[in-house]
1. Give the cross-link partners of LYS286 among the aspartates and glutamates, using a straight C-alpha distance below 14 Å as the criterion and excluding same-chain residues fewer than 8 apart.
2. Hey, which aspartates and glutamates would be in cross-link range of LYS153, C-alpha to C-alpha under 18 Å, not counting anything within fewer than 8 residues on its own chain?
3. When the convex hull of the Cα atoms of region 305-447 is projected onto a plane and the area is averaged over all directions, what value comes out in nm²?
4. Sum -39500 (n - 2.57) across every DSSP H segment of at least 4 residues in the chain, then divide by the residue count to get the 222 nm mean residue ellipticity, nearest 500.
5. What nm value, rounded to one decimal, do you get for the distance between LEU191 and ARG135 when each label is placed 7 Å out toward the C-beta?
6. Which part of region 146-178 falls in the paramagnetic zone of ASN432, meaning amide N under 18 Å from the point 7 Å along Cα-to-beta-carbon?
7. For ARG84, project a label point 7 Å along Cα to C-beta. Then give me every residue of region 50-65 with its amide nitrogen under 12 Å of that point.
8. For an R0 of 60 angstrom, estimate the FRET efficiency from the Cβ-Cβ distance between VAL265 and GLU382 and round to the nearest 0.05.
Amino acid sequence: MPTDSTAAPGVTELTDAIYQNIARNISEGSCVLFLGPTAITSKQPDGNFKPLAELCANHLAKDLGLSKEEENSLYHVASTLRIRAKRSDTMLISDVQDFYNKAEREAQLHPMLEQLADMPFKIIINTTPDDFFARYYATAVRDYRFDFYNFRKPTSDPLYTFGDDAAPLIYNLFGFFKKSESLVLTYSDQLNYVNKITGAQHERLPDSLLAAFTVPRFYLFMGFDFDDWSLRVLFDALFKNARNSIQPFAYPLKGKPEADPYAKVFFQGEFRMEFPKVDMETFVGKLQEYLNKLDGHASSDSSTVLAEALVLHNEAKDDVECQALLSHLKPLKIRTLTLRDAVGQGDVQAWIRKTLDSVQIVLPLVSADFFDSSNPALPLLEEIVQRNDPRKRFLVMPILLKNFAIDATPLGKLRTIRPPNGEPVFGNGQENKHLADIAEKLKIYIENLT
């Protein structure tokens, strides 16, 4: 939880201490991530990455004869189309939806976004009309909440909570492209939006969200244009009662200009914003190193790690499901090993036998592919089953990943199979429930090891 400011106003360099402080606050769930209009980028044919919002504006701006700078502003392009009577509001919305529907299928997003999604943020505020950042949580089968503000039809406060057990919230400030009336596309929409968020209480942004900003936190602003006039109004609405509780840092997209001196002075003076001289991509890469160091310190602390587990699975066919399980096990005081750790260790079966002597848990991830003849653990399966004795610090917990007749295998003899009712973890839409139940069972077992 941040207390004292870690840098003087207008800081131009990020020291090791600041990186460590930011990383620690992220790991403690005390850091909010804001994704600006240029944060969500897509790979282009030349190998460079360009913001999706700008690509959408470029797509709509064809034949308008605008300057390059004008063509990159979706507000400007959409407003120009309306002024010249080339597109109606309905047609504009349809054009934007078509663009994002295509991008949903085809866009290759910057790998940096996946790095950010793997960091334990509790609150992620997005300013583009897509849900592409949320997809990283969905593909990793991680719990999350996605919601958006609809300025034309504000709803009652969903009463968000952000406790330790609450899933991360990804919140779109400017609507969602699949909900047409929520989109903020033109300058006129922008003005109406500002009037709503600063107007009547029942039409403003949810109080439960704004209340979260009154708790002292760090804030990372990625890919924002601080010269945009509306950002000043937005910040005032978001942090009206929280200016003394925030420690914000701003990072531009690589290749984008820094905020001008007037914008810097305003945001430094009003919101204590820091503008380090480092781009978003470089910052995220280095921040990941500091988070890894924190994780490394935790895993090397014998008082923290209470158990080691060997995970056996078909790495070619079941790795996505394995990673989903491992993401649920991250909060546990457990160190996991897989067959990847056997690379360079000589004979794989000999490595498995040696590892069985040191771990307390074995997790065979069962599917038809697990029993492929190439699985080096198969000849040891009977031995692994016979070793199972949870009361003597050796638990074998087969996890039925996919539909398969596990009873016909040596693992079917065990009463420690999860899920216990023979329903596979994946395939019935109950993945999160099953993975959470497995993690809870292991948590209880680990905490009772003596």
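Throughout, read-outs are computed from the coordinates displayed, never taken from laboratory work. A quick note: this is a predicted structure, and the numbers were derived from the prediction, not measured. Methodologically, a virtual Cβ is constructed for each residue, glycine included, from the backbone with ideal geometry; neighbour enumeration extends over all protein chains shown.
1. Partners within reach: GLU13, ASP16.
2. Once the sequence-local aspartates and glutamates are set aside, what remains near LYS153 is ASP89, GLU181, ASP189, GLU203, ASP207.
3. Working: hull surface 32.0 nm².
Averaged projected area of region 305-447's Cα convex hull equals 8.0 nm².
4. Values: 16 runs with 173 residues, N = 450.
Value at 222 nm, helices only, nearest 500: -11500 deg cm²/dmol.
5. Those two pseudo-labels are separated by 3.6 nm.
6. 146-148, 158-172
7. 60-65
8. Values: r = 73 Å, r/R0 = 1.21.
That pair, VAL265 with GLU382, gives E of 0.25.
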